[in-house]
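The values are calculated or read from the model by the stated rules, or taken from the named source; none is laboratory data. Given the structure is predicted, the values throughout are model-derived calculations rather than measurements. Here Cβ is always computed from backbone atoms with ideal geometry, including for glycine, and neighbour counts include all displayed protein chains. Only protein heavy atoms, including side chains, enter the accessible area calculation; ligands, DNA and RNA are left aside. Shrake-Rupley method; radii C 1.70, N 1.55, O 1.52, S 1.80 Å.
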Amino acid sequence: QYSTISGGYQNVILPNFQFATVGGGANNTNGSIFATIGGGGGNAIGTNSASATIGGGFLHKIGNNTFDATISGGSFHSIGTNSYYTTIGGGHVNSIQDNATASTIGGGYFNAIQTNAVSSTIGGGSNNVILPNALCATVPGGLANYAGGNYSFAAGRRARATNDGCFVWADSTDADFGSSFANEF
């Protein structure tokens, strides 16, 4: 009821989900109330993910029970199950895994916020990771940085902020540069 598929090819709105929209594109599947897929191809919004949005792009997935999640564009992005209030802005092959509530990846490629990493952020760059169970961890960008402690910050190249409250700022050296204890700069 009250759902719309504007055009495209082999787009689907699953039964019993009202007010859902697929704007166009091909092979898109929308399975949630008030959810929207703007277009693109092979995109999917799982069930019980109310108000989730995929703007466009290619082969994106928003999992089940992930309400108010957004993937703006790009390609091959995923947001896992129970990861509500999350956002991936763009780029290529970025992922927010299960139970990573209120987390954001701005862009870049091959970045990941792992399971149970709540309220964490990766701004961009490449191959950056927020480790599992981190709370409010941040990687602003750079290359191959890991933030894993609660309230940790890792920037540069191969920074390893694995202790709570630590700030690790690595240079361009191609070697791991890590924290040793909590609240270290």
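Here are a few things to note about the model shown:
- Charge dipole (debye, nearest 20) of the stretch 105-185; +1 at Cβ of Lys and Arg, -1 at Cβ of Asp and Glu: 140
- Alpha-carbon centroid distance for the pair the stretch 1-20 / the stretch 134-171, whole angstrom: 42
- The residue among Thr66, Tyr85, Ile13 whose Cα reaches farthest toward the positive pole of the charge dipole of the chain, with charges on the beta-carbon of Lys, Arg, Asp and Glu, is Ile13.
- Gyration tensor verdict on the chain (Cα atoms; rounded if a/c is under 1.5, prolate if a/b is larger than b/c, oblate otherwise): prolate
- For Ile37, residues with placed amide H under 5 Å, excluding near neighbours: Thr21, Val22, Gly23, Ile54
- For Cys136, Cys166, the ranking by accessible surface with the largest value first comes to Cys136, Cys166, using a 1.4 Å probe.
- Ranking Ile37, Ser119, Ala52 by Cα position along the charge dipole of the chain, where only Lys, Arg, Asp and Glu carry charges on their C-beta atoms, puts Ile37 farthest toward the positive end.
- Anisotropy class of the stretch 58-152 from Cα gyration tensor, a/c 1.5 cut: oblate
- Only the Cβ atoms of Lys and Arg (+1) and of Asp and Glu (-1) were treated as charged; on that basis the dipole of the chain about its Cα centre amounts to roughly 300 debye.
- Centroid-to-centroid separation of the stretch 37-54 and the stretch 79-119 [C-alpha atoms, Å]: 15
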